[in-house]
Amino acid sequence: MAIEQIKMPQLGESVTEGTISKWLVSVGDTVNKYDPLAEVMTDKVNAEVPSSFSGKIVELIANEGDTLEVGAIICTIEVEGDNRKQEESVDSKPSNMEVLKTEVSDAPNKARYSPAVLKLSAEHGIDLTQVSGSGAGGRITRKDLQAIIESGAIPTPQEKAEAVPTAPAPKAVEKAAPAPMDVPVTAGDIEIPVTGVRKAIAANMLRSKHEAPHAWTMVEVDVTNLVAYRNSIKSEFKAKEGFNLTFFAFFVKAVAQALKEFPQMNSMWAGDKIIQKKDINISIAVATEDALYVPVIKHADEKTIKGIAREITELASKVRAGKLTSTDMQGGTFTVNNTGSFGSVQSMGIINYPQAAILQVESIVKRPVVMNGGMIAVRDMVNLCLSLDHRVLDGLVCGRFLKRVKDILEATTKENTSIY
C-alpha cells in the first residue's frame, strides 16, 4: 500500500489558486482513476478535479470553501503498491475535467481577480488598483493581500502598495476566517450558510458590476398579434409535440435574428480589443429555490421557434432535476432573461460577464394604447429592458438592435411567421 497526494491543479495559464466549492467524495470512498473528486472554482473556470489514481480516500485535507494555491495538497488516496502509476498532469488531460464555465477575456492578468481576492479586498477596504501582484503577469493573489493585511499598510487611492514578497507555499492548509460583519443577530433569526454555487454567483455578479460600466435602456413592444397567434395554436402544438409553446421562445428567436443583423451586440470585452463572436449562443436564466443557472441555447439563429421551445423546456428540466452538464453551460454570447415569468414589468439586469449585454423580457400586460387616428384600444404590451457594457456598446447600436427586435415581434402573425 502507498499513500498518494492529490494537489490543486492549475486550471489555466494564469491561475494561481482555486477554491474547493464542493467535495464529491468522502473519507473511505473507493475511486477509480479519472473519477471526479471535487468541484473547484477559480476566477477563470469552474471544474471538476479528477483523481490521478485508483484507490481509497484516506483524508480530505481541504474543507469546502477553502482557497488554496496551485500545487497545494487537497486530499490523500491509498493505492495498491503494485498498481501505482505515475501521476499525470491534470492540465494535460483537459478532457477529464468537466468545465462548467469559462472566461474568454484576454484582459491583462492583473485585472483578473479571484473570488478569494475580491472577498479579502472588500472585507479590508483594499484598493486593488493600488496593489502590485506577485502572480503570473502581475496577477494579484490571496497571499499578496494577506501580507498587506498583516503589515497593516492598507493601500489608499493616493498611494501605491510596495511589492510584497510572497512566502513559500504553506505545507499545511489554513482556513482563513472571514472578517466579522456588523450584522446584529437576535433570537429567531436564521443563519443560512453560503453554498459554493451562491459564492460563484456572488463573485461573478460582483466582478461584472466592478469591471463593466453598466448602462440601461428600454423599449415598449405591442405583441397583441403574437399573443393571438400563440394562443390559437398552443393546445394543438402541445398535443402534437409533447411540450409547451411559450412566449419566451418567440422572444429568443427574435433576439437571435436581430443579433445576426447587429453582430456588435454579440461581443465581449478583452482588455485591449473587443471580440465579436461568430456563433450566436443565447444564455437563458433558470432559477431554482436557492440558485440561478444560465444554460445556453447554441446556434439559436439556426433554430426554429419550435426547436428553441424544445431546448428551453429540456434545459429548464435539467436544471431543476440537477442534471445540467458542463456542455449545457458553455459558450454563451448574449443573455435573455425571462423576468416576466415572475410578474416583473421593469428591471435592470446585471450583465452575465464577460458578455456585453443582457435583455430582460418583462410581463405581457394589457394596457390602453393610443392607436393611429387617436383611437384608444386595449393591447398586449411588453417592456424589453437592455443592460449593456458601455466599454463595448454605445446607445446608437443598442437602440437600433432593440428597434429591430421590436419590429420582428410586432410583425409576428399567423400569416407571416412559421414555428417550424
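Decide, for segment 213-410, between rounded, prolate and oblate: order the square roots of the alpha carbon gyration tensor eigenvalues as a ≥ b ≥ c, take rounded if a/c falls under 1.5, and otherwise choose prolate if a/b is larger than b/c, else oblate. Show your work: numbers first, answer last.
Working: a/c = 1.72, a/b = 1.12, b/c = 1.54.
It is oblate, given that a/c is not under 1.5 and a/b is not larger than b/c.
In sequence order, segment 261-269 has phi-based couplings of 7, 10, x, 4, 5, 9, 10, 9, 7 Hz under the Karplus curve 6.51 cos²θ - 1.76 cosθ + 1.60, θ = phi - 60°, and Gly or Pro positions carry x. Residue ranges 254-260, 301-307, 62-68 sort as 254-260, 62-68, 301-307 when ordered by packing (mean number of other C-beta atoms within 10 Å per residue, highest first).
Tell me, in nm to one decimal, what length is gained between GLU59 and THR325 on full extension, where the rule is 0.36 nm per residue of separation less the Cα-Cα distance?
Numbers: separation 266, 0.36 × 266 = 95.76 nm, distance 2.79 nm.
Going from the current span to full extension adds 93.0 nm.
Amide H to amide H distances under 5 Å link ARG379 with ARG367, VAL369, where only residues 5 or more positions off or on other chains count and H is placed in the peptide plane.
The stretch between ASP35 and MET375 holds 115.7 nm of extra length on full extension. This uses 0.36 nm per residue minus the Cα-Cα distance. Sorting the segments 185-191, 340-346 by their residues' average number of neighbouring beta-carbon atoms within 10 angstrom, most packed first, yields 340-346, 185-191. Length gained on full extension, GLN276 to ILE149, computed as 0.36 nm times the residue gap minus the Cα-Cα distance: 41.7 nm. Among 377-383, 391-397, the peptide with the highest mean count of other Cβ atoms within 10 Å heads the list, and the full ranking is 377-383, 391-397.
Per-residue Cβ neighbour counts within 10 Å put TYR229, TYR34 in the sequence TYR34, TYR229, beginning with the fewest.
Compute the relative contact order of segment 213-410 as a whole-number percentage, counting only Cα pairs closer than 8 Å that sit 6 or more residues apart in sequence. Let's see the in-between values first.
Working: 375 pairs, mean separation 60.5, N = 198.
Relative contact order, segment 213-410: 31 percent.
For GLY349, the residues 5 or more places off, or on other chains, whose built amide H falls under 5 Å of its own are SER387.
Taken together, the values in this text are just the output of simple stated rules run on the coordinates, not laboratory data. Model, not experiment: these values are computed from the prediction. Backbone-built Cβ (ideal geometry, glycine too); neighbour counts: all protein chains shown.
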